[in-house]
1. Can you pull out the residues in the range 101-122 that are within 20 Å of residue 72 (Cβ to Cβ), in contact with a helix residue (DSSP H, G or I) (Cβ under 8 Å, 6 or more places away or on another chain) and either part of a helix (DSSP H, G or I) or touching a residue at least 24 places away in the same chain (Cβ under 8 Å) (or both)?
2. Name the single residue, out of those in the range 245-259 being crowded, with 18+ Cβ neighbours inside 10 Å and either within 18 Å of the chain's Cα centre (by Cα) or without any contact (Cβ under 8 Å) to a residue 24 or more places away in the chain (or both), that is nearest to residue 150 (Cα to Cα).
3. Answer yes or no: is there a residue in the range 144-166 that is under 28 Å from residue 49 (Cβ atoms), assigned to a loop (DSSP other than H, G, I, E, B) and within 16 Å of the chain's Cα centre (by Cα).
4. Answer with yes or no whether residue 185 is out of contact with any strand residue (DSSP E or B) (no Cβ under 6 Å at 6 or more places or on another chain) and crowded, with 16+ Cβ neighbours inside 10 Å.
5. Please give the number of the condition residue 137 fails out of (1) under 25 Å from residue 150 (Cβ atoms); (2) modelled with pLDDT of 95 or more; (3) touching a helix residue (DSSP H, G or I) at 6+ places or on another chain (Cβ under 8 Å).
6. Look through the range 138-159, keep the residues that are in contact (Cβ under 8 Å) with a residue 60 or more places away in the chain and touching a strand residue (DSSP E or B) at 6+ places or on another chain (Cβ under 8 Å), and return whichever of them is surrounded by the most Cβ atoms within 10 Å (Cβ to Cβ).
7. What do you reckon, is residue 262 assigned to a loop (DSSP other than H, G, I, E, B), under 23 Å from residue 72 (Cβ atoms) and touching a residue at least 24 places away in the same chain (Cβ under 8 Å)?
8. Could you check the range 167-179 and list, in sequence order, the residues that are in a strand (DSSP E or B) and surrounded by fewer than 23 Cβ atoms within 10 Å (Cβ to Cβ)?
């Protein structure tokens, strides 16, 4: 028969103390590991937010150059002059880098097919490089992707699959096998308009038109729809809450830029915009 250990002896007390110290040490190590992991994740997230804000700063500078060259910002209508789907995000990309990433053609009327308005000759070919104005934004700052690489084959709706769009920095794995961000939404202000009507999104006097990127937003993401699919959400999220007497948008004299943020959904609290909500 094995004799029972004397739990009251100094040796037993020492063993219990050593065990407690080991448990506490392990607990501290686990706590520090978790704290470090959380801090690391937070730093990564913060870093990406900063990168996206920096991207918007570069984009804003490029848009000012475009404005000084042409006396106005690029259009953002949801369709082109022929009625083809070619939304604000795509027109912004063309204005900054052209339809082939070789520079914007000054004769462009922002047609999805890239043809000249009068001659119907293609504007974006190797033969037109000398006529181009070059890149308003360096390619390294554009994070440009083909639409099909974001939404996959058969997922681009009424848009051509090979159309280029600038994307945000919040990249995720896509069904195409690529890792991409979401397109940057662009809305140009109609400075002749006077309204920002949350209750009537189709009010023709609205300074910003939600339809400029609506078809792109309605493509959604796998298994989810964007809150911004509801036009009222667009007007709520872009309403300037610093003006209390009337409903007015942010950036009423220029344009709005929207990144879907970390969750990849337009219209949620983590969206990054070129204004402070």
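The values are calculated or read from the model by the stated rules, or taken from the named source; none is laboratory data. These figures come from a predicted structure and were not determined experimentally. When we count neighbours, we look across all protein chains shown, and the Cβ atoms used for this are built from the backbone with ideal geometry, even at glycine.
1. Selection gives 103, 104, 105, 106, 107, 110.
2. Selected residue: 259.
3. Checked against the condition, which is being under 28 Å from residue 49 (Cβ atoms), assigned to a loop (DSSP other than H, G, I, E, B) and within 16 Å of the chain's Cα centre (by Cα), the range 144-166 yields no hits at all.
4. no
5. Result: residue 137 fails condition (2) only.
6. Going through the qualifying residues, I end up with 159.
7. Criteria not met by residue 262.
8. Taking the range 167-179 first, the residues in a strand (DSSP E or B) are 167, 172-173, 179.
The answer is 172, 173, 179.
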